[in-house]
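Before any comments, here is the structure.
The values are calculated or read from the model by the stated rules, or taken from the named source; none is laboratory data. Because the structure is predicted, anything quoted here is derived from the model rather than measured. Glycine gets a Cβ as well: all are built from the backbone with ideal geometry, and neighbour counts include every protein chain shown.
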Amino acid sequence: MARTKLKDILQSEKADYQVNVRGWVRSFRNNQFIALNDGSCMANLQVVIDPENTDEQLLKQITAGAALNINGTVIESPAKGQKVEVKAESIELYGECNPEDYPLQLKNRPSLEYLREIAHLRFRTNTFGAVFRVRHALAYAVHKFFNDKGFVYLHTPIITASDAEGAGEMFKVTTLPFDNTPRNEDGTVNFKEDFFERAANLTVSGQLEAELGAMALSEVYTFGPTFRAENSNTARHLAEFWMIEPEVAFNDIHDNADLAEELLKYIIKYALDNNREDLEFLADRLANEEKQKPQNERSEMGLVEKLEFVLNNDFERITYTEAIDVLMQSKPYKKKKFKFDVSWGIDMQSEHERYLVEKHYKKPVVVTDYPKDIKAFYMRQNDDGKTVAAMDILAPGIGEIVGGSQREERLDKLTQRMQEMDIPTEEMYWYLDTRKFGTVPHAGFGLGFERIVQFVTGMGNIRDVIPFPRTPGNCEF
Ligand code: 4AD
Ligand code: MG
């Protein structure tokens, strides 16, 4: 008999038919009631067995974590909380699970920190089942959003020789030996002997290649893994994260902000419409976690309420200069409560960003026109000579979720800025060629995928929204 997913049985609520179900035992009560889960939804299916007519050895092997293949009949459930259950007629044990050894057997709720150490098993918990179903839904919604708008999904390279952000936070890719490394006469490494016959690294961003595509296809996006060797041990940074980067010819910075706001709202709405059960579970989880915090640190809204609020309100749009003014007028600034000082020209710290979105505006904020000295070489220079057409979106509880800009399309200005910032112009002839051959105004941004998953699921630590996080000192699994 073909397998039926638990989700289909629980959603249809029909009774009186034969099914085959397969999954893992979450719990087994009174030698009679199995709570079975197959990951297709949050809820477990209750399977009732007749202990009198079940092999004694098998009864002992039905323990949390064991995998079963069950034939039975769907019947109306006399118990509360579920419309239907399955009356088992035959049970096959796929794989047993020794309760002595099984780490998820613990009676006490395992902490998120502990579950991170057993990330290979944490998918089997309600929390991580919900997080990864929501992550999937958001990824699907991203592709649907761009596809419906006619964007071309461009696969930009993962191995590259350029540093898109010019920040030097790259992982090297090489096949050279560590001992006996081939060297030039001056002692430097001879990359001519390396696999690519030049130095190569993992990409920090697909933007520059996406720009090349946009100069012919008009609207493109990338959605792939990116890598940063920055030594940031925070709840917002990963060494390997996924980024969505649209790049659009003929767009200016305002079109860019509109596109980002539309994308964020679209994918949040998609999750609200399609992952209600998971989001409600995550909302309860978060509410319980918040109860441990002092009153003044708790958020004013529940998770679902927060997401609906974001959908139904325009993002605030301010310039960097306005943001600095707001900060300098703020109570924490006047009472010297900020750890980092505020003045025009600073790269805002997370305490500043959080004040703006959580205390002052109480919603997502688009900040534009940052000082050129704290931003990348490719951003379009404004007429004031001090700022660039940069655009960051800050979200409550997260901080920076989107970073983007209108691009410098003027060859002379771009070349000059690259020289000022020591970006090699000869090596990047291909980038400059787009400015020589039919250059047009264009703009794009990068949305950190894990940060939006954090925002939607309410998970406090970025390590809990990617299956196998890579952070400084951690490369397990
Ligand atoms: O602001 P960033 O560095 O911008 C770029 O990479 C541009 N090339 C994007 C573009 O214009 N096409 O990164 C973009 C976003 C950030 O706003 C943040 O959400 C996320 O990527 N991000 C990270 N997420 C997790 N871990 C890290 N180490 C991250 N660094 C950036
Ligand atoms: Mg940024």
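Filtered by the rule that a residue be crowded, with 21+ Cβ neighbours inside 10 Å and part of a loop (DSSP other than H, G, I, E, B), segment 196-227 gives THR203, VAL204, SER205, GLY206. Can you name the residue in segment 247-291 that is assigned to a helix (DSSP H, G or I) and touching a Lys or Arg at 6+ places or on another chain (Cβ under 7 Å) and, of all such residues, is nearest to ASP314 (Cα to Cα)? Looking at residues that are assigned to a helix (DSSP H, G or I) and touching a Lys or Arg at 6+ places or on another chain (Cβ under 7 Å), I get ALA257.
Against the numbered list (1) of a type in the set (S, T, N, Q); (2) surrounded by 17 or more Cβ atoms within 10 Å (Cβ to Cβ); (3) under 30 Å from PRO424 (Cβ atoms), THR127 comes up short only at (3).
Just to be sure, is PHE145 within 23 Å of GLU219 (Cα to Cα), aromatic (Phe, Trp, Tyr) and touching a helix residue (DSSP H, G or I) at 6+ places or on another chain (Cβ under 7 Å)? So PHE145 passes the test.
Residues in segment 64-82 that are within 35 Å of the chain's Cα centre (by Cα) and either assigned to a loop (DSSP other than H, G, I, E, B) or more than 21 Å from VAL21 (Cβ to Cβ) (or both): 5 in all. Report yes if ALA376 is within 11 Å of ligand 1 (Cβ to nearest atom), touching a strand residue (DSSP E or B) at 6+ places or on another chain (Cβ under 8 Å) and either acidic (Asp, Glu) or part of a loop (DSSP other than H, G, I, E, B) (or both), otherwise no. Answer is yes for this residue. Of all residues in segment 392-417, those satisfying the criterion of being under 31 Å from the mean Cα position of the chain (by Cα) and either free of Cβ contacts under 8 Å to residues at least 40 places away in the same chain or away from ligand 2 (no atom under 16 Å from the Cβ) (or both) are ASP392, PRO396, GLY397, GLU408, GLU409.
So that you can scan it fast, the table gives a plain yes or no per residue for (1) touching a residue at least 12 places away in the same chain (Cβ under 8 Å); (2) surrounded by 15 or more Cβ atoms within 10 Å (Cβ to Cβ); (3) at positive phi; (4) not acidic (Asp, Glu):
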{"residue": "ARG3", "(1), (2), (3), (4)": "yes, no, no, yes"}
{"residue": "ASP8", "(1), (2), (3), (4)": "yes, no, no, no"}
{"residue": "LYS14", "(1), (2), (3), (4)": "yes, no, no, yes"}
{"residue": "ARG22", "(1), (2), (3), (4)": "yes, yes, no, yes"}
{"residue": "VAL25", "(1), (2), (3), (4)": "yes, yes, no, yes"}
{"residue": "ILE34", "(1), (2), (3), (4)": "yes, yes, no, yes"}
{"residue": "LEU45", "(1), (2), (3), (4)": "yes, yes, no, yes"}
{"residue": "PRO51", "(1), (2), (3), (4)": "yes, no, no, yes"}
{"residue": "TYR102", "(1), (2), (3), (4)": "yes, yes, no, yes"}
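Scanning segment 444-477 for residues that are among the basic types (Lys, Arg) and either away from ligand 2 (no atom under 16 Å from the Cβ) or within 18 Å of PHE123 (Cα to Cα) (or both) turns up ARG463, ARG470. Among all residue pairs at least 6 apart or on different chains, which show Cβ distances below 6 Å where the first residue, located in segment 429-440, is within 11 Å of GLU408 (Cβ to Cβ) and the second is surrounded by fewer than 10 Cβ atoms within 10 Å (Cβ to Cβ) and among the hydrophobic types (A, V, I, L, M, F, W, C)? Taking only residues 6 or more apart or on different chains, not a single pair turns up. Residue pairs whose Cβ atoms lie under 8 Å apart, sitting 6 or more positions apart in sequence or on different chains, and linking a residue in segment 328-348 that is over 18 Å from ILE374 (Cβ atoms) and at pLDDT 95 or above to a partner that is hydrophobic (A, V, I, L, M, F, W, C) and not in a loop (DSSP other than H, G, I, E, B), are TYR333/LEU327. Report whether or not ASP384 is at pLDDT 95 or above and either within 16 Å of ligand 2 (Cβ to nearest atom) or closer than 30 Å to GLY129 by Cα (or both). Considered against the rule, which asks whether it is at pLDDT 95 or above and either within 16 Å of ligand 2 (Cβ to nearest atom) or closer than 30 Å to GLY129 by Cα (or both), ASP384 comes out as no.
Within segment 339-358, the set of residues being crowded, with 16+ Cβ neighbours inside 10 Å and touching a Pro at 6+ places or on another chain (Cβ under 7 Å) comprises TYR355, VAL357, GLU358.
Here is a yes/no grid of residues against (1) away from ligand 2 (no atom under 16 Å from the Cβ); (2) over 30 Å from GLU209 (Cβ atoms); (3) touching a residue at least 24 places away in the same chain (Cβ under 8 Å):
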| position | (1), (2), (3) |
| --- | --- |
| PHE227 | no, no, yes |
| LEU279 | yes, yes, yes |
| GLU290 | yes, yes, no |
| ARG298 | yes, yes, no |
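The residue that is farthest from ASN98 (Cα to Cα), counting only those in segment 1-59 that are among the charged types (D, E, K, R) and in a strand (DSSP E or B), is ARG3. Please verify whether GLY397 is among the small types (Gly, Ala, Ser) and either in contact with a helix residue (DSSP H, G or I) (Cβ under 8 Å, 6 or more places away or on another chain) or within 13 Å of ligand 1 (Cβ to nearest atom) (or both), treating the condition exactly as stated. Criteria met by GLY397.
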